[in-house]
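The values are calculated or read from the model by the stated rules, or taken from the named source; none is laboratory data. Just so it is clear, the structure is predicted and the values come from calculations on it, not from any experiment. Neighbour counts run over all protein chains shown; Cβ positions are idealised from the backbone, glycine included. Please note that ligands, DNA and RNA were not included when accessible areas were found on the heavy atoms of the full protein model with its side chains. Shrake-Rupley method; radii C 1.70, N 1.55, O 1.52, S 1.80 Å.
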Amino acid sequence: MRTDIAEPVRLEDYRVPDYLIDKVALDVKLHATATRVTARLEIRPNPKGRPGASLVLDGDGLVARKVVLDGKELDPLAGFVTPDQLTIAAPPLRPFVLETETEIDPSANTRLMGLYRSGHAYCTQCEAEGFRRITYFLDRPDVLSTYTVRLEAEAAEAPLLLSNGNKIAAGAIEGTSRHYALWHDPYPKPCYLFALVGGDLGGVHDEFTTRSGRKVALGIHVEHGKEPLASYAMDALKRSMAWDEAAFGREYDLDIFNIVAVSDFNMGAMENKGLNVFNDKYVLASAATATDTDYAHIEAVIAHEYFHNWTGNRITCRDWFQLCLKEGLTVFRDHEFSSDMRSRAVHRIGDVRALRASQFSEDAGPLAHNVRPDTYLEINNFYTATIYEKGAEVIRMLKVLIGDEAFAAGMDLYFERYDGTAAIVEEFIACFAESSGRDLAQFFRWYTQAGTPRVEITSSYDPVAQSFTLDFRQSCKPTPGQETKQPFVIPVALGLVSRTHGDLPLRAGLEDGASETELGRGVIELSTPHRRVTFRDVPSCPVPSLFRSFSAPVRIDYAASESDLVTLVASDSDSFNRWQAAQTFATRLLVRSAERIRGGGEPCFSTDLIGALGNLVETSDDPAFVAEVFTLPSESDIAREIGETIDPDAIHTAREALRAAIGLGLAPVLRTTYARLADDGPYSPDAAAAGRRALRNAALALLAAGIPTEGASLAEKQIETAATMTNEIAALGVLAHVGGPGREAALESFYHRHQGEPLVIDKWFTLQAMIAEPGTLDRVKRLMTHPAFSLSNPNRVRALVGAFAAGNQTQFNAPDGSGYALVTDIVLELDSKNPQVAARLLSAFRSWRMLESGRGTLAEAALRKVASVRNLSPDVKDIAQRSLG
């Protein structure tokens, strides 16, 4: 299952391991440049494996100091050791003990995989294949072992020594300045869940009492002086633990749960059993340093990693092709948690925005892949929106299809049947087939077919028969390696909205009708290429409300009139579809405007849309929802809707023109809203208070788009008086976008005010990278020489270069190719240091084939330049080759 070679790894080639490792005892003597790792592995032949097969353990750049088999040094004739592999040609045909000693240099580990240094602390990241950078092992997720770990370090350098499980001993080492800690995890786990942390860190401590009465010691460990910034994370952790007991019946199983926040981390966080390691941006927060969005992300990521204790740790995945089994399922769980903690409707809108922005774009380009892939070259490149976000949507669809009761029973069956195992997706789905009594074979196509299905819908109304008919047709475009698609099972949650009386009852017609079950649940199942459904007793032509709460991750093609859309914005009982109607209306205008502008014409507007938005802000009692409606489709959304020969400049101009028209047309309402929602008390990150701030800042942004001088003046005053980072960064963003003489002074002042807070400075970098002006490329280059910038810090790279590549559509896609050149140069510079981050940056090119020919040719040339470089990492080479097709 190696991924550091050119040969692809295929699901069809999976075979069970020939050997199993029941127990692992590690002795880790931490040293900044020469850490010694002694591993004692209790190994036995797998009864299901190949008898007498060679034992091949994975390594990655290891220095082997000792190899002992059953108490004797390994005979060179019996095996061999390289930095990347340990092979024993003919191991004993019985259980045996293998002891190895390796030496590694944590300070030189710029890849941030395996054991490395973050600041002055030692920490690990082993998913997906980092454990092989620590010691020789069967580095695959279907080898489950119990671990006992002894950590040793200089007491002054690393007074805190943490690992998985429960701490069973600790103390000073007599006659030395060193100390040790002994940890034991009684639950078998794959090596990717191993973790250790050593350092001088502060901590926040609390406890949680489980529903069975056990007390769990909780600790969140951060840099000294930042302990107050971890209080919200601790609160989110305790709420997550209580919610998982109530919603899924899952109780925590160890005596200790620790979180460690580090500043150098390739991912958001990692769910290592009992010892979660976090990027500190998802732990640290205060009103002065974090936005409301940051608080929401902390809550969600804390929950996500905690929920992995059962969906990922207690039940892990058999192989990396099953990654969605732990990630998609856990994303679904954290979405449900956040929906319960906040506004379900608003949270659903945010989830769908993210899905469309990242996953729909992925599905539409050369990097498209199945939710459960068939093959990969580099597994690190498959931690994608398809695995996470679409994987979660598939599980949400399953719940919609079979109902809440059968879904809950299926989850209980899954936990009961597969606890302590490495499972596959088929086993997961089989639990729901059993609990619901349904054949889910066709539904399984969501896991095996890539691409975003398109559902075309037409309607007709018969006033004589008082019947309303909907015709559904599904299709899915070819994706790499899949030219032909079979029909999906698509749940269509729907309602019929009267233009005067709200929702109408659903009654089936005599022919082409829905079943009573479908009508009762308001969910029509589309499992064939075409289906017609007729409703009776419909007194007047209704407006169909389709795919309520976005019941399936599909593209919807329905020619609703502008009048229909206004009706839905005003009257639909489904909040998501009220938002969607406004988005659809705006998208149509923006697509038409972009086409006109590209042809030398003027943008187009609609007083109906502006009026609907004005009515909404005056009638809705949910500020967070109105803020979402006020946020127009992104430039990427518009580009995806156009689909081909995209001109980013025309799209940007169209969007800015519509924002300006809304801001000018609703100026009185926006002024009133802005004044009415001024902060009037101490900061709270709760959903209601965050919603008020969101709407106020949305009103400011639109007002500045319509009347720049007024907006800039209000923004400058808001920066001066802001008591929260939410309001300060929002106002600075308005100034950065509007431009003018006050922008540079405000940016400089912000930096000096917050230069001691790295996470805040990340925001400062991002704001500047997103300025859609020709000078931004030079600005990014200057900022890369700023003392606060470092290519060795993933957060900083993502904040500046990642934001420019993924978020600044006009400047990254500059017509002269200069944006592409900048990003590819940085990718190549990073490749030898941190290939994971480099590969993520390169994925910004995934939609290059949709661009107009001039830009498309330049983007292709940039990709070919990267692909032609010798000795590329597997990570970057994989993305370059797949992007080029």
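Check segment 373-384 and report whether any residue there is farther than 23 Å from ILE315 by Cβ, touching a His at 6+ places or on another chain (Cβ under 8 Å) and surrounded by 21 or more Cβ atoms within 10 Å (Cβ to Cβ). The answer is no; no qualifying residue exists. Criterion applied to ASP206, ASP185 was being closer than 21 Å to TYR295 by Cβ, of a type in the set (Asp, Glu) and not in a loop (DSSP other than H, G, I, E, B), and the one residue passing it is ASP206. The residues of segment 813-825 that are of a type in the set (A, V, I, L, M, F, W, C), under 22 Å from SER868 (Cα atoms) and touching a residue at least 40 places away in the same chain (Cβ under 8 Å), listed by number, are ALA821, LEU822. Close Cβ contacts (under 6 Å, 6 or more residues apart or on different chains) running from residues in segment 247-260 that are surrounded by fewer than 18 Cβ atoms within 10 Å (Cβ to Cβ) to residues that are at pLDDT 95 or above and acidic (Asp, Glu) comprise GLU251/GLU245. Within segment 377-388, residues that are outside any helix (DSSP H, G or I) sit with their Cβ atoms under 7 Å from residues that are acidic (Asp, Glu) and open to solvent by less than 20 Å² (accessible area, probe 1.4 Å), at 6+ positions apart or across chains, in these pairs: LEU377/ASP878; GLU378/ASP875; GLU378/ASP878; THR384/GLU362.
Of the strands (runs of 3 or more DSSP E) entirely within segment 419-523, those holding at least 1 residues that are open to solvent by 20 Å² or more (accessible area, probe 1.4 Å), of a type outside the set (Phe, Trp, Tyr) and out of contact with any helix residue (DSSP H, G or I) (no Cβ under 9 Å at 6 or more places or on another chain) occupy 454-462, 467-475, 502-504.
For segment 67-79, filtering for residues that are more than 41 Å from the chain's Cα centre (by Cα) and either touching a residue at least 40 places away in the same chain (Cβ under 8 Å) or in a strand (DSSP E or B) (or both) leaves 5. The set of residues from segment 818-847 being open to solvent by less than 10 Å² (accessible area, probe 1.4 Å) and more than 23 Å from the chain's Cα centre (by Cα) comprises GLY819, TYR820, THR824, ILE826.
Condition check ((1) open to solvent by less than 20 Å² (accessible area, probe 1.4 Å); (2) among the basic types (Lys, Arg); (3) in a loop (DSSP other than H, G, I, E, B); (4) free of Cβ contacts under 8 Å to residues at least 60 places away in the same chain) across all residues:
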residue: ARG796; (1), (2), (3), (4): no, yes, no, yes
residue: GLY854; (1), (2), (3), (4): no, no, no, yes
residue: ALA861; (1), (2), (3), (4): no, no, no, yes
residue: ARG864; (1), (2), (3), (4): no, yes, no, yes
residue: ASN871; (1), (2), (3), (4): no, no, yes, yes
residue: ASP875; (1), (2), (3), (4): yes, no, no, no
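Do we have any residue at all in segment 540-556 that's part of a helix (DSSP H, G or I), open to solvent by 30 Å² or more (accessible area, probe 1.4 Å), of a type in the set (Val, Ile, Thr) and within 30 Å of HIS347 (Cβ to Cβ)? No, every residue in segment 540-556 fails to be part of a helix (DSSP H, G or I), open to solvent by 30 Å² or more (accessible area, probe 1.4 Å), of a type in the set (Val, Ile, Thr) and within 30 Å of HIS347 (Cβ to Cβ).
Figure legend. Inter-residue proximity from segment 512-537: first residues more than 14 Å from LEU494 (Cα to Cα), second residues open to solvent by 50 Å² or more (accessible area, probe 1.4 Å) and among the polar types (S, T, N, Q), beta-carbon distance below 9 Å, spacing 6+ or different chains. Indicated pairs: SER527/GLN442; PRO529/SER475; ARG536/GLN466; ASP537/GLN466. Scanning segment 464-497 for residues that are under 17 Å from VAL543 (Cα atoms) and under 38 Å from the mean Cα position of the chain (by Cα) yields LEU470, ASP471, PHE472, VAL492, ALA493, LEU494, GLY495, LEU496, VAL497. As for segment 298-317, it holds at least one residue that is within 30 Å of ARG10 (Cα to Cα) and open to solvent by 20 Å² or more (accessible area, probe 1.4 Å). With respect to the conditions (1) part of a loop (DSSP other than H, G, I, E, B); (2) in contact with a Phe, Trp or Tyr (Cβ under 6 Å, 6 or more places away or on another chain); (3) open to solvent by 10 Å² or more (accessible area, probe 1.4 Å), ASP264 lacks only one, and its number is (2).
Out of segment 570-590, which residues are of a type in the set (A, V, I, L, M) and open to solvent by 10 Å² or more (accessible area, probe 1.4 Å)? ALA570 - this is the single residue of segment 570-590 that is of a type in the set (A, V, I, L, M) and open to solvent by 10 Å² or more (accessible area, probe 1.4 Å). Can you find even one residue in segment 92-100 that is part of a loop (DSSP other than H, G, I, E, B), surrounded by 15 or more Cβ atoms within 10 Å (Cβ to Cβ) and either touching a residue at least 60 places away in the same chain (Cβ under 8 Å) or of a type in the set (A, V, I, L, M, F, W, C) (or both)? No: zero hits.
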